[in-house]
Amino acid sequence: MQVEQLVQEYGAGRRNFQAVNLEGARLRGLNLVEIDLSSANLRNTDLSGSNLSGGRFHKAHLQESNLRSALIKNAFLGEADLTSANVTWANLMGTNLSRAILNITNFSGANLIDADFSRCEMEGTNLRGTNLRGTKLVGLRTIANADFSDVKNLDDGTRAYLLSIASGQHPFTKNETIVTLTKIRT
């Protein structure tokens with residue numbers, strides 16, 4: 001599907017774009033509230049600055065996509081693959097990412113208040129400076145090599161759980177996961 005066609009059909013009221021192929025597309029700064037891109041191929045897609053609030057991205061392929069400064073509040077990204085995605089400074093407040101693959105995903109500075117990361121795979125994930133108030137981090141498959149430097153509002157119980165499964169050092173920042181979890185701001 002071409003970007004122009006998606007924008008035109010969305011403007012006409014269509015919201016269901018399941019399984020479309022938008023690999024490498026430039027969708028920067030668009031208002032796509034409540035769009036359904038479940039199972040869509042969004043690899044290398046630029047969605048930076050877009051409003052994707054309330055959207056559905058179930059099992060979407062978002063590897064190496066750019067979601068910098070995107071508004072993704074109350075969206076559903078369950079089982080999505082965001083490997084190596086740039087999600088810096090994005091607002092994912094209340095978003096469900098359960099069972100998502102978040103390996104080497106960069107969430108630096110993102111608002112993750114009340115987000116659900118249940119059963120995620122987070123190897124090498126960069127969470128530096130994120131706000132984790134009310135964030136659900138349970139049953140994680142891995143946080144090996146993740147960086148939690150300067151995260152805010154991580155409760156003591158969740159921190160203890162993360163420390164029990166922490167190992168390695170982040171591939172880019174070189175910070176040890178355990179050390180980053182011992183220097184949490186509240």
Of Leu162, Leu52, Leu71, the most mobile residue in a GNM of the chain (C-alpha springs, cutoff 10 Å) is Leu162
Per-residue Cβ contact counts at 10 Å, fewest first, order Val87, Val3, Val33 as Val3, Val33, Val87
Largest fluctuation, Asn111, Asn21, Asn66 only, Gaussian network model of the chain with Cα springs under 10 angstrom, belongs to Asn21
Along the dipole axis of the chain (charges at Cβ: +1 for Lys and Arg, -1 for Asp and Glu; origin at the Cα centre), the most positive-end residue among Met1, Gly129, Thr105 is Gly129
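Using the number of other C-beta atoms within 10 angstrom as an exposure proxy, rank Lys73, Lys174 with the fewest first. Numbers along the way, then the final one.
Numbers: Lys73 21, Lys174 8.
Ascending Cβ contact count within 10 Å gives the list Lys174, Lys73.
Tell me the mean residue ellipticity at 222 nm calculated for the chain from its helices only (DSSP H runs of n ≥ 4, each -39500 (n - 2.57), averaged over every residue, nearest 500). Display every interim value, and only then the final one.
On the way: 3 runs with 25 residues, N = 186.
Dividing the helical sum by the residues of the chain leaves -3500 deg cm²/dmol.
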Helix 156-165 sits off the longest principal axis of the Cα atoms of the chain, rounded to the nearest 10 on a 0 to 90 degree scale, by 90
Excluding residues fewer than 8 positions from Lys73 in its own chain, the lysines with Cα under 30 Å of it are Lys59, Lys136, Lys152, Lys183
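How do Thr83, Thr173 rank when sorted from fewest to most other Cβ atoms within 10 Å of their own Cβ?
Working: Thr83 21, Thr173 15.
Ordered by Cβ neighbours within 10 Å, fewest first: Thr173, Thr83.
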If the chain between Gln8 and Asn74 were fully extended at 0.36 nm per residue, the gain over the current Cα-Cα distance would be 21.3 nm
From the Cα centre of segment 1-52 to that of segment 107-138, the distance in Å is 24
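Just so you know, all these numbers are worked out from the coordinates, no wet-lab data involved. As the structure is a prediction and not an experimental result, all values here were calculated from the model. We place every Cβ from the backbone using ideal geometry, glycine too, and count neighbours over all the protein chains shown.
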